[in-house]
Amino acid sequence: MKIISVERMRELDRRTIEEFGTPGEVLMERAGAGATEHILDFAESLEPAHIKRFVLLAGKGNNGGDVYVVARLLAQSSHLPVIIYAVCASDRLSGDAKLNAERLPAQVECRVKEEIVPDDLLAGDIVIDGLLGTGIRGELRSPYGQWIAAVNKSELPVVALDIPSGLNGDSGEFETDAIKADLTVTMGLPKLGMFTGKGPDYCGRLRCVDIGIPEKFIAETGSCADAVCACDVKPFLGRVPMDFHKSSQGRLLVVGGSRKYCGAPFLTSSAALRGGTGYVFTAVPASIPRGISRDYSTIVIEVADGGSGVFTPVSLPVIEGYAEESDAIAFGPGVTREDPVAAVLAKLISLGKPLVIDADGLNLLSVHPSLLPVSGPVVLTPHPGEMARLLKGFGLQEKLNSERREQAKALAIKTQSVVVLKGNRTVISSQHGDIAVNTSGCPALATIGSGDVLTGLIGTFLARGIEPFDAARSAVFIHGLAGELNPYGVRGMIADDLPELIPVAMKQISPHS
């Protein structure tokens, strides 16, 4: 899905209304209906004590018009009270916003207010922001600054419609203040400001509503990058034939672990199995401590290590044998940075099999940059610290202070690999410099071992024969969605919880999962 500027989104709206003949009120109804669905999903994710009332903030323009549609639909579909605080009366509105304000059912209270006071926002309220939308430029005018400050001070759950009020839709910055949202439901296509500057932090989780812009118009619209949404992943989770067997779903070799980090490769293997891989072989050094958890359906291979507890050249014959039987390889979780391990990495790269490299595999690569590029498909999955080391190792120091998309693109082109730069709004770059930015995920994923799970999931798609760029995009989105769906909130989840959430996430994306 394309990421576009505010002006290009306005042009798409205009063309859809004037050239395609879709009335503006229909677009607004679609936007409100899609937003309502996401708002209800968000409300269900909260504990009942935190869901007592919907409070909607309505501005004067089309963003306010979306509020009136959402308020009507919430009143129809939820048992909770719905109240609107509006900056002006409906007789001062125009067009589709006025039309929808006049359609409000009697049970929806609408109060025109000059300011928001503490008693307006109570414990149990879910605040829905429709004050300004994408039209903001420069400093906030009265009363918007006071309203936004009051919402942020309340620390209540907040959903922003289209974009958090006050945030510039192109730069992701603001001059005065902006709504700090937990969820942003954007209309049509994602806007650039959601992925730059303060945008990722202020938008929170991100959802996009299809309002019916014709595909022809979208294809003719320029974009600097793509956003990865559920619709982009769904084609890779199609119907599974009834005659499938375990070999049909791919064979993945996970090479990881050491005497220091025993559990990491088993997280990777578990994620691969939950992602649908038919066979998973887990190669670990023979001298790692016994008694570690291995209650997974992976095939464990204890590889000779000369008693060192890390992979060494003596490990290669067995690893290479299983690599030849596998459709893809995942290397790195828990391997340590010790020099003998580099020989194993070099051999695996040379085999030309689809390969995902993570963790200390990346740190070894930064010390041995001559190992790349190669002709085989490779996916690199650095977090920001590993990325800094890779940029230095591959002679790209000038990119250390660059924007994340530029970093990922530079490394991908240099190494001729797909690069997954992890973090809030994970960036995926193809070896040709094509950029995609993930829209799923939440702070719950900021836990040790989360990256090991992602490695296994990328390995799943590689083992199925999916192109590395598509494999990485799909895995990153599913991984992020799995984090969002965890039942423990953003503080209590651990990486061991993630593998079992992968099938739940896939089922939400596709009916064939």
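The values are calculated or read from the model by the stated rules, or taken from the named source; none is laboratory data. Predicted model, so just to flag it, every value in this text is computed and none were measured. Virtual Cβ from ideal backbone geometry, glycine too; neighbours counted across all protein chains shown. For accessibility, only protein heavy atoms count, side chains too; no ligands or nucleic acids. Shrake-Rupley method; radii C 1.70, N 1.55, O 1.52, S 1.80 Å.
A few notes on this one:
- When the inverse distances between all different Cα atoms of region 77-125 are averaged and flipped, the Kirkwood radius reads 12.4 angstrom.
- Remark: the Val26-Lys234 segment gains 72.2 nm on full extension, using 0.36 nm per residue and subtracting the alpha carbon distance.
- Checking the Cα-Cα distances for Lys198/Lys399; Lys260/Lys409; Lys98/Lys198; Lys52/Lys153; Lys180/Lys399; Lys347/Lys414 against a 24 Å cut-off, the pairs over it are Lys260/Lys409; Lys98/Lys198; Lys180/Lys399.
- Note: relative contact order over the chain, using C-alpha pairs below 8 Å and six or more positions apart, is 12 percent.
- Residue-normalised accessible area of the chain, expressed per residue, 1.4 Å probe, Å²: 40 Å²
- Electrostatic dipole magnitude of region 112-212 [Cβ: Lys, Arg +1; Asp, Glu -1; Cα centre; debye, to 20]: 280 debye
- Taking packing as the residue-averaged number of other Cβ atoms within 10 angstrom, the listed peptides 90-100, 381-391 run from highest to lowest as 381-391, 90-100.
- Summed residue charge, Cβ within 15 Å of Ala123's Cβ, Lys/Arg positive, Asp/Glu negative: -2
- For the chain, the 222 nm mean residue ellipticity estimated from helices alone, with every DSSP H stretch of n ≥ 4 adding -39500 (n - 2.57) and the total spread over all residues, rounds to -11000 deg cm²/dmol.
- Applying the Kirkwood pairwise sum to the alpha-carbon positions of region 107-151 produces a hydrodynamic radius of 12.2 angstrom.
- Convex hull per residue volume in Å³, alpha carbons only, for region 31-169: 103 Å³
- Sparse-neighbour loop sites [GluC sites (Glu not before Pro); region 1-101; at most 16 other C-beta within 10 Å; DSSP]: Glu19
- Potential lengthening of the chain between Glu18 and Ser248 amounts to 77.9 nm, from the contour at 0.36 nm per residue minus the alpha-carbon distance.
- Applying 0.36 nm per residue to the separation of Cys88 and Lys392 and subtracting their alpha-carbon distance, the gain on full extension is 103.9 nm.
- Using the empirical formula 2.2 N^0.38 Å as the baseline, the Cα radius of gyration of region 219-354 reaches a ratio of 1.23.
- Inter-part distance where region 282-358 and region 440-497 are each reduced to a Cα centre, Å: 22 Å
- Applied to region 66-72, the Karplus parametrisation 6.51 cos²θ - 1.76 cosθ + 1.60 on θ = phi - 60° returns per-residue 3J(HN,Hα) values of 4, 4, 5, 5, 4, 4, 4 Hz, with x for Gly and Pro.
- The residue among Leu27, His383, Ala49 whose Cα reaches farthest toward the positive pole of the charge dipole of the chain, with charges on the beta-carbon of Lys, Arg, Asp and Glu, is His383.
- Cross-link partners of Lys392 among aspartates and glutamates (Cα-Cα below 14 Å; sequence separation of 8 or more within a chain): none
- Separation between Cα centres of region 217-257 and region 119-136, rounded to whole Å: 36 Å
- With an a/c value of 1.5 or above and a/b larger than b/c for the gyration tensor axes a ≥ b ≥ c computed over the alpha-carbon atoms, region 395-447 is described as prolate.
- In summary, the aspartates and glutamates within cross-link reach of Lys113, defined as a Cα separation below 19 angstrom excluding same-chain residues under 8 places away, comprise Asp66, Asp91, Glu102, Asp125, Asp129.
- Descending by average beta-carbon neighbour count within 10 Å, the peptides 454-462, 103-111 line up as 454-462, 103-111, the highest first.
- Seen from a random direction on average, the alpha-carbon convex hull of region 399-513 projects onto 7.4 square nanometres.
- Mean separation of Cα contacts under 8 Å, 6 or more apart, over the residue count of region 42-118: relative contact order %: 33 percent
- Per DSSP, loop trypsin sites (Lys or Arg not before Pro) in region 214-250 with at most 12 further Cβ within 10 Å: Arg239
- The alpha carbon centroids of region 176-213 and region 80-114 are separated by 24 Å.
- Taking a ≥ b ≥ c as the square roots of the Cα gyration tensor eigenvalues, region 334-380 comes out prolate, since a/c reaches at least 1.5 and a/b is larger than b/c.
- Modelled spin-label separation between Lys2 and His512, with each label point placed 7 Å from Cα along the Cα-to-Cβ direction: 2.7 nm.
- Note on the chain: with charges restricted to the Cβ of Lys and Arg (+1) and Asp and Glu (-1), its dipole about the Cα centre is near 600 debye.
- Share of pairwise Cα separations in region 464-503, more than 11 Å, in percent: 64 percent
- Here region 166-272 is treated as a sphere whose radius is the Kirkwood value from Cα pairs; by Stokes-Einstein at 37 °C and 0.692 mPa s it diffuses with a coefficient of 182 µm²/s.
- Quarter of Cα convex hull surface for the chain, i.e. mean projection, nm²: 24.6 nm²
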